[in-house]
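Visitor: One structure follows; several queries about it will come next.
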Amino acid sequence: MMTIVVIITAILIVIVGSQLLKIAELKAKSKGELIYEVSEKQGKSQAVILLIFMFGLIGFFFWQMYAWYGLRLPVSASAHGEAIDYLSDVTFLIITPVFLLTHVVLLWFCFKYAYSSKRKALFFSHSNKLETVWTVAPALVLTVLILMGLTSWNEIMTPVPSETEHVLIELTGQQFNWTARYAGDDKKLGRSHVSLIEGVNGTGVDLSDVDAKDDKLVKGEFHLPIGVPVQFVFRSLDVIHSAYLPHFRAQMNCVPGITTQFNFTPTITTEEMRIKVGNDEFNYVLLCNKICGAAHYNMQMDVIVESQEDYDKWLAEQKTLVE
Amino acid sequence: MSTHQHHTKDFLFTYVFSTDHKMISKQFLITGFLMGFIGLIMSTLFRLQLGWPGESFEIVELLMGSWQENGVMNPDKYLALVTMHGTIMVFFLLTAGLSGTFSNLLIPLQIGARDMASGFLNMLSYWFFFVSSVIMLISLFVEGGSASAGWTIYPPLSALPQAIPGSGAGMTLWLIAMSIFIVSSLIGSLNYIVTVFNLRTKGMSMTRLPLTIWAFLLTAVLGVLSFPVLLSAALLLVFDRSFGTSFYLSDIYIGGQVLDHSGGSPILFEHLFWFLGHPEVYIVLLPALGITSEIISTMSRKPIFGYRAMIGSMMAIAFLSFIVWGHHMFLTGMNPFLGSVFTFTTLLIAIPSAVKVFNYLTTLWKGNIVFTPATLFSVGLVSTFISGGVTGLVLGNSALDINVHDTYFVIGHFHIVMGLSAIFGMFAGVYHWFPKLFGRMMNNKLGNVHFWFTIVCSYGVFFPMHFLGFAGVPRRYYTFSEFPMFEEMISINEFISIFAIIAMLAQLVFFFNFVYSALRGPKAPMNPWRANSLEWTTPVEHFHGNWYGEIPTVYRWPYDYSKVDSNGDYLYGEDFIPQTTPLGENEKDGGEH
Amino acid sequence: MKKMEENIKQMTTLRAENINYKEELKRKTSKPLIWIGIVSIIMFFGGLTSAVIVSQGGGGFLAIEMPFSFTISTVIIVLSSVAFQFGLISVKKGNYLAAKLSITLTLILGLLFIVTQYMGWTFLHDNGYYAAGKDSTQESSFLYLLTGLHVVHLIGGLFSLLFVLVKTMKNKYSLENITGMQVSIIYWHFLGALWIYLFLFLRFIIA
């Protein structure tokens, strides 16, 4: 019923609209004008609206900052994240003025140079000097951003050297949950393959491998000790997933058939972060960040960062696979 | 032969299987807009889900059939919608619709040719496009639904029906449709390139070509070099899905079973896909940039500033676009050194882009600007190109990409440059060249309303997404409600969805204006915008061959606007000098330095 | 006024009597069109051969013994290009009988090429190299795929060649009118060059 009403209304609007347009055309003709000619007055009013738009857009930008800047992620909970946040701030300090100034120039020009029969436009077709200026200036700015970025990138993507004390965890993604496998005291992960998946051995660990004897499989939440680098190895059992830990400025795809790696050092415990964000139910979280199927929006695992003693206690309570 | 047979044959060859580039351009335009409208409805539907998660909507119930329950869409069908939305908008509207329309319309007219190099191939190009569109739409109705692995269709998700239902028949049809689409695009590009190089009229040297032609030429070259690689990626995927090969698949355990594939890598697909995928976004953008150069210059009554720099920057963008694809793959586990290389090349692309923006600004400076809807949309393109472009500096820097990759920050970025800039270029082109397409004029007041509602609401939709991205909200999420950390963002989603609905409604104003004006709009004069290029010297009524008698000879570049003599009076008495006007004594062609 | 307009329209409408214009257009644009088409086919095979290299990744491929038939294929396709070229030269010189014979020979060699390809595939299959399924490997899949796709493109070339042959038999070509044959021969030589590239690529990467 509603559908029919909507359709009829639409048809009537179209008919009325057509008639109105025809009337407008004839009215203009009767005044000796052409309806499609833009009069100076019409042009100037669009110019005014463009100027208003300039204030509107800039205002909108600042309003959004006021309303939503506070929603951004809290301070980085990892060591390398600080460098990333710093680079991010520098980048925004560059692009925000560029965004604002170019819009002022653009929309002010539109307003100021709106058509007037009393003026002539200026025939100014080229200037090598100007072209050089605005080729070199962006190039210089970009060089700075590139150098800063690549320095950080290289540091971040270097695996933890094996001599350094670290926690070794394999994170396996699958539709639609995560499993963490801790390497245990031998600091080595046993081999694994999907053909060995059976029952509680959800990620196919090769139990005959001596390195796998002390590996521990954990689901639902996993723990990290504060201040100790954690080296992740990522796997997937079925489709591409992505392990995204936004609070730690960490992300890496999980690809079936290969392993990928990422590492970071947590610098703020869960308790400390709860105080910082003023929410004692806050938890660090691992999300999936690569489209992986129907429940992609709910593939998560909590991450707890705690003191070394609490972590050791927790780890001791986890069962090894063999058990 | 009876007159009846004669009329039917004429009708078929004049309207349906026409080899006249002007008719073909209209066919591309209408099919492109129809597909675009469908893509728009899809986005409105999933914005309903995102703005009001889990709430029941009659329209969802009405339009989505078995894809919903009680007016709430299913999560996997949400993914089907975003996949098809992306596919339709990027390929069918912004590639075929934009290039197909304006390359076909303007290349012969602006270079001074009777038609394209091969009218027959041109006709085939359209009909392949039409067939691929039909197949793509049919894929919405098959069992399991349409492709649902994102428009980027990475395997294994896109290869395994057990991973998501849409990866069954729907994905097969997607691959067939896209293969036909790629052939259509390649045939079109062949024509554009050969026509521009070989069929220019007397006096039309390469440096007297309007910037639209340069843009369309570079776009066609990009297409010829990159679309075949997508075809190879799709072919290997077809083999993995249907013939048991393992190009992309290895070590998979799904649905309780270990699959027989081994040795393949999904990353191979990503490389092949993005080798097209990145040039593709410049295939989408360059024609819009060319159109904007033309319109801003004409409507400001000033030459485009830095004609050669504009050509050079478009060539730089085209060249660089082939060596940046890895910035879509920073986090795939590829060698970090590669990541560094791609960061470097990606940030380089900012330079020619900046040059173009500054040149547009300088063109407007001290101009005498006439504000038609086309002008407004061109100004809108410059605005959105700036807004969307600067966030590219964040995404292109690999270290920064770590935390914003695949979040709403990316969605904001690419929608502003493609969903706004490129479509604004298309709208500007339609308003500006409507007289050449249909011999009538569109209504300016409705056009202005269309522009203002579109730009304000679109900024309302996409600007907030940057904040969502910075809060860590991933893309392609059916709902945010499963994560306590995203609870405060749900109201932002509502904000966005409201603007999205209004923006969608504003497009109805455009469609009404378009259809009414094409049928009953005021008749257009030959040169309504008082422009210089050759298309405005052809008669308003179309006929195959474009010019009565001989094709005009060209004596100057197309940007002699407001050229004055030493007394400050306009040369030849007008503020524009068509390309067909011979140079005066001691007058140098403005295109030479 | 309307009659004059009608007359002018008749003079310049493309679909009408402007045969000369159409011929001129074809002469000017057919060859560039086929060249750009060839570029896109090169990119297609470029994508596939890069896929082979990327798939090799760290570990090499297991060596596959190349069938000897493929070497014969190479000889055959080179000969066919020579024959076709000779046919073109003959037409230009007015030696129409030689042209008809050489182009027929080209067609026969083209068909023989496909036969040797098929023999190659059977050899591979008999030696346990499969295109798809559980017992296939990436190398073997690529091998069949690349050679198979080449044959597909060659079949297109055969249709073009057939068309040229028919026209030659009907004496439609002459020194002033050989554009159609030139387009076909460009594509045919390309197919030969592509085969040589694939043959060497497969020998050194997969074999």
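Visitor: Report yes if residue B:351 is touching a helix residue (DSSP H, G or I) at 6+ places or on another chain (Cβ under 9 Å) and facing another protein chain (nearest Cβ under 7 Å), otherwise no.
Guide: Answer is yes for this residue.
Visitor: Restricting attention to region A:64-85, and to residues there that are more than 10 Å from every other protein chain (Cβ to nearest Cβ) and part of a helix (DSSP H, G or I), which single residue is surrounded by the most Cβ atoms within 10 Å (Cβ to Cβ)?
Guide: In this case the residue turns out to be A:79.
Visitor: Might you check whether a residue that is of a type outside the set (Gly, Ala, Ser), under 21 Å from residue C:196 (Cβ atoms), out of contact with any helix residue (DSSP H, G or I) (no Cβ under 6 Å at 6 or more places or on another chain) and in a helix (DSSP H, G or I) occurs anywhere in region C:90-111?
Guide: yes
Visitor: Return yes when residue A:208 is surrounded by fewer than 17 Cβ atoms within 10 Å (Cβ to Cβ) and closer than 25 Å to residue B:260 by Cβ and no when it is not.
Guide: It is true that residue A:208 is surrounded by fewer than 17 Cβ atoms within 10 Å (Cβ to Cβ) and closer than 25 Å to residue B:260 by Cβ.
Visitor: Of everything in region A:26-59, what is over 25 Å from residue B:456 (Cβ atoms), among the aliphatic types (A, V, I, L, M) and more than 9 Å from chain B (Cβ to nearest Cβ)? Give them in sequence order.
Guide: A:26
Visitor: Can you say whether residue C:168 is in contact with a Leu (Cβ under 7 Å, 6 or more places away or on another chain) and under 18 Å from residue C:81 (Cβ atoms), as far as the supplied structure shows?
Guide: no
Visitor: Tell me, which helices (runs of 4 or more DSSP H) wholly within region B:1-76 include 2 or more residues that are crowded, with 18+ Cβ neighbours inside 10 Å?
Guide: Ranges flagged: B:21-51, B:58-64.
Visitor: Right, another one. Which ranges mark the strands (runs of 3 or more DSSP E) fully within region A:169-238 that have 1 or more residues being aromatic (Phe, Trp, Tyr)?
Guide: Where strands (runs of 3 or more DSSP E) fall fully within region A:169-238 and carry at least 1 residues being aromatic (Phe, Trp, Tyr), they are A:177-182, A:221-225, A:230-236.
Visitor: Just for region B:575-588: of the residues that are within 14 Å of chain A (Cβ to nearest Cβ), surrounded by 15 or more Cβ atoms within 10 Å (Cβ to Cβ) and part of a loop (DSSP other than H, G, I, E, B), which one is modelled with the highest pLDDT?
Guide: Taking the candidates together, the pick is B:577.
Visitor: Can you tell me which residue within region B:386-426, out of those that are in contact with a Lys or Arg (Cβ under 7 Å, 6 or more places away or on another chain) and surrounded by fewer than 24 Cβ atoms within 10 Å (Cβ to Cβ), is nearest to the other protein chains (Cβ to nearest Cβ)?
Guide: The qualifying residue nearest to the other protein chains (Cβ to nearest Cβ) is B:406.
Visitor: Could you pull out every one of the helices (runs of 4 or more DSSP H) wholly within region B:240-354 that has 2 or more residues that are farther than 19 Å from residue A:290 by Cβ and either assigned by TED's automatic domain parsing to the domain that holds residue B:110 or within 19 Å of the chain's Cα centre (by Cα) (or both)?
Guide: B:266-300, B:307-320
Visitor: Restricting to region A:255-296, name every residue that is more than 9 Å from chain B (Cβ to nearest Cβ) and not in a helix (DSSP H, G or I).
Guide: A:263, A:264, A:265, A:266, A:267, A:268, A:269, A:278, A:280, A:284, A:286
Visitor: Tell me which residues, restricted to region A:118-164, are at the interface with another protein chain (Cβ under 9 Å from one of its Cβ atoms), under 30 Å from residue A:52 (Cβ atoms) and not in a helix (DSSP H, G or I).
Guide: A:119, A:120, A:121, A:122, A:124
Visitor: Residue A:309: under 30 Å from residue A:154 (Cβ atoms), more than 14 Å from chain B (Cβ to nearest Cβ), of a type outside the set (Phe, Trp, Tyr) and not in a loop (DSSP other than H, G, I, E, B), yes or no?
Guide: When the stated conditions are applied, residue A:309 does not pass them.
Visitor: Same structure, new question: Could you list, in sequence order, all residues of region C:52-63 that are modelled with pLDDT under 85 and under 26 Å from residue B:229 (Cβ atoms)?
Guide: Across region C:52-63, the qualifying residues are C:56, C:57, C:58, C:59, C:60, C:61.
Visitor: Assess whether residue C:149 counts as being surrounded by fewer than 22 Cβ atoms within 10 Å (Cβ to Cβ), modelled with pLDDT of 95 or more and either closer than 19 Å to residue C:29 by Cβ or within 14 Å of chain B (Cβ to nearest Cβ) (or both).
Guide: Yes, satisfied.
Visitor: In addition: Could you identify the single residue in B:496, B:492, B:502 that is in the same structural domain as residue B:407 (by TED's automatic domain parsing), within 28 Å of residue A:48 (Cα to Cα) and either touching a Pro at 6+ places or on another chain (Cβ under 9 Å) or not in a helix (DSSP H, G or I) (or both)?
Guide: B:496
Visitor: Given the options C:160, C:140, name the one that is buried (at least 17 other Cβ atoms within 10 Å of the Cβ), closer than 28 Å to residue C:62 by Cα and either of a type in the set (A, V, I, L, M) or in contact (Cβ under 8 Å) with a residue 24 or more places away in the chain (or both).
Guide: Only one candidate passes the filter, namely C:140.
Visitor: If you scan region B:248-262, which residues turn out to be buried (at least 21 other Cβ atoms within 10 Å of the Cβ), within 7 Å of another protein chain (Cβ to nearest Cβ) and not aliphatic (A, V, I, L, M)?
Guide: Result: B:251, B:253.
Visitor: Name the residue that is farthest from the chain's Cα centre (by Cα), counting only residues in region B:526-577 that are over 14 Å from residue B:209 (Cα atoms) and among the hydroxyl-bearing types (Ser, Thr, Tyr).
Guide: Ranking the qualifying residues of region B:526-577, first place goes to B:566.
Visitor: Step by step: first the residues of region B:222-247, then only those that are among the small types (Gly, Ala, Ser) and at negative phi, then the one that is surrounded by the most Cβ atoms within 10 Å (Cβ to Cβ). Which residue is that?
Guide: The qualifying residue surrounded by the most Cβ atoms within 10 Å (Cβ to Cβ) is B:233.
Visitor: Kindly provide the set of residues from region B:464-500 that are touching a residue at least 40 places away in the same chain (Cβ under 8 Å), farther than 24 Å from residue A:62 by Cβ and not hydroxyl-bearing (Ser, Thr, Tyr), ordered by number.
Guide: Result: B:474, B:475, B:476, B:480.
Visitor: Just one of B:138, B:153 is farther than 26 Å from residue B:267 by Cα and either away from chain C (no Cβ under 14 Å) or part of a helix (DSSP H, G or I) (or both); which is it?
Guide: The match here is B:138.
Visitor: Sticking with this structure for a sec: Can residue B:477 be described as under 30 Å from residue A:69 (Cα atoms), among the hydroxyl-bearing types (Ser, Thr, Tyr), crowded, with 18+ Cβ neighbours inside 10 Å and out of contact with any Lys or Arg (no Cβ under 7 Å at 6 or more places or on another chain)?
Guide: Here the answer is yes, as residue B:477 does meet what is asked.
Visitor: Select, from C:147, C:168, the only residue that is assigned to a helix (DSSP H, G or I), under 15 Å from residue C:106 (Cβ atoms) and in contact (Cβ under 8 Å) with a residue 60 or more places away in the chain.
Guide: C:168
Visitor: Among the residues of region B:428-470, which ones are part of a loop (DSSP other than H, G, I, E, B) and buried (at least 24 other Cβ atoms within 10 Å of the Cβ)?
Guide: Once the filter is applied, which keeps residues that are part of a loop (DSSP other than H, G, I, E, B) and buried (at least 24 other Cβ atoms within 10 Å of the Cβ), region B:428-470 yields B:442, B:443.
Visitor: For region A:40-51, enumerate the residues that are surrounded by 13 or more Cβ atoms within 10 Å (Cβ to Cβ) and without any contact (Cβ under 8 Å) to a residue 12 or more places away in the chain.
Guide: A:42, A:45, A:49
The values are calculated or read from the model by the stated rules, or taken from the named source; none is laboratory data. A quick note: this is a predicted structure, and the numbers were derived from the prediction, not measured. Cβ: placed from backbone, ideal geometry, glycine included. Neighbour counts: every protein chain shown.
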